[in-house]
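See structure below.
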Amino acid sequence: DERAERRRGRRVTEARFPRMKRLGDFDVTANPVVGAEPIALLASCTFLERGEPVVFLGDSGTGKSHLLIGTGLAACELGKRVRYVTCAGLVNELAEAQDERRLTRLVARYGRLDLLLLDEFGYVQLDTRGAELLFQILTEREEKASVAIVSNLPFSEWGNAVSDPRLVAAMVDRVTFNGHIIETGTESYRLASTRAKRGGKKT
């Protein structure tokens, strides 16, 4: 039991979460768009066994990153190898590796993870090189290991983040094939919570 606990702790540290968020703390009543069924799916981590992708779509403040991190934490507690990274952070890391001629090793390392958590896709526009590097990671993991990705853009607007239409189509194909699409809606949970604390007054 002690060894298992140390292993779980090590997995959490290696995942590099920016903060701790548990699925059990997600307020389904505050955001009924999500519902209990997707939460149960994420908590079970059964999609990992089949290497299925998960995509969280919704506006800012609707709980996408909470669900992403919570899913990763649930996987860590099962002893899975997890890594959290923003899309911009990952692209920068890959570009540096390419410049230093160690890209192949880095892509392979990302390919060995049980779950890769990609946050903030669409928040920063990717140039052609960055989009191609990100695509390498998605291709490396396709149908072998799960990717969970967060975006504030619907699929129809992913072209705003990646200018090459063929690359966009291929990315969407990679992250939706046998995937789970979880929409978190458009009403900001954070904004509603802040207003409630202030007695409903708008700022």
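The values are calculated or read from the model by the stated rules, or taken from the named source; none is laboratory data. As the structure is a computational prediction, the values presented were derived from the model and not from experiment. All Cβ positions, even for glycine, are placed from backbone atoms using ideal geometry, and neighbour counts span all protein chains on display. Keep in mind that these areas ignore ligands, DNA and RNA; they rest on the heavy atoms of the full protein, side chains included. Shrake-Rupley method; radii C 1.70, N 1.55, O 1.52, S 1.80 Å.
Considering 70, 61, 51, the condition of being within 16 Å of the chain's Cα centre (by Cα), of a type in the set (Gly, Ala, Ser) and at pLDDT below 95 is satisfied by 61 alone.
Scan segment 1-18 for residues that are within 15 Å of residue 64 (Cβ to Cβ) and free of Cβ contacts under 8 Å to residues at least 60 places away in the same chain and the total you get is 0. With respect to residue 116, determine if the residue is surrounded by 20 or more Cβ atoms within 10 Å (Cβ to Cβ) and closer than 22 Å to residue 8 by Cα. For residue 116, the condition - surrounded by 20 or more Cβ atoms within 10 Å (Cβ to Cβ) and closer than 22 Å to residue 8 by Cα - is met. The one condition from (1) on the phi < 0 side of the Ramachandran plot; (2) part of a loop (DSSP other than H, G, I, E, B) that residue 56 does not meet is (2).
Within segment 1-21, being more than 14 Å from residue 82 (Cβ to Cβ) and within 17 Å of the chain's Cα centre (by Cα) holds for one residue alone: 19. What pairs can you find where one residue is in segment 57-77 and under 13 Å from residue 38 (Cα atoms) and among the basic types (Lys, Arg), the other is open to solvent by 10 Å² or more (accessible area, probe 1.4 Å) and not in a strand (DSSP E or B), and their Cβ atoms are less than 8 Å apart, with a gap of 6+ or different chains? Sorted first by the residue in segment 57-77, then by its partner, the pairs are 64/152.
Might you let me know whether segment 71-81 holds any residue that is open to solvent by 20 Å² or more (accessible area, probe 1.4 Å), under 18 Å from residue 179 (Cα atoms) and either of a type in the set (S, T, N, Q) or not in a helix (DSSP H, G or I) (or both)? Within segment 71-81, not a single residue is open to solvent by 20 Å² or more (accessible area, probe 1.4 Å), under 18 Å from residue 179 (Cα atoms) and either of a type in the set (S, T, N, Q) or not in a helix (DSSP H, G or I) (or both). Evaluated against (1) open to solvent by 10 Å² or more (accessible area, probe 1.4 Å); (2) more than 24 Å from residue 10 (Cα to Cα); (3) hydrophobic (A, V, I, L, M, F, W, C), residue 55 falls short on exactly one condition, (1).
Here is the figure for segment 19-43: residues that are outside any helix (DSSP H, G or I) and free of Cβ contacts under 8 Å to residues at least 24 places away in the same chain total 4. Residue-level analysis places residue 37 outside the set of residues that are open to solvent by 50 Å² or more (accessible area, probe 1.4 Å) and at pLDDT 95 or above.
Reported count of residues in segment 76-133, each being in contact with a Lys or Arg (Cβ under 6 Å, 6 or more places away or on another chain), aliphatic (A, V, I, L, M) and over 29 Å from residue 157 (Cα atoms), is 0.
Answer with yes or no whether residue 88 is open to solvent by less than 80 Å² (accessible area, probe 1.4 Å), at pLDDT 95 or above, over 14 Å from the mean Cα position of the chain (by Cα) and among the hydrophobic types (A, V, I, L, M, F, W, C). Taking the combined requirement at face value, the residue does not satisfy it. Look at residue 13 and say whether it is open to solvent by 40 Å² or more (accessible area, probe 1.4 Å) and modelled with pLDDT of 95 or more. Yes. Scanning segment 139-191 for residues that are assigned to a helix (DSSP H, G or I), aliphatic (A, V, I, L, M) and surrounded by fewer than 19 Cβ atoms within 10 Å (Cβ to Cβ), we see that the one that is nearest to the chain's Cα centre (by Cα) is 172.
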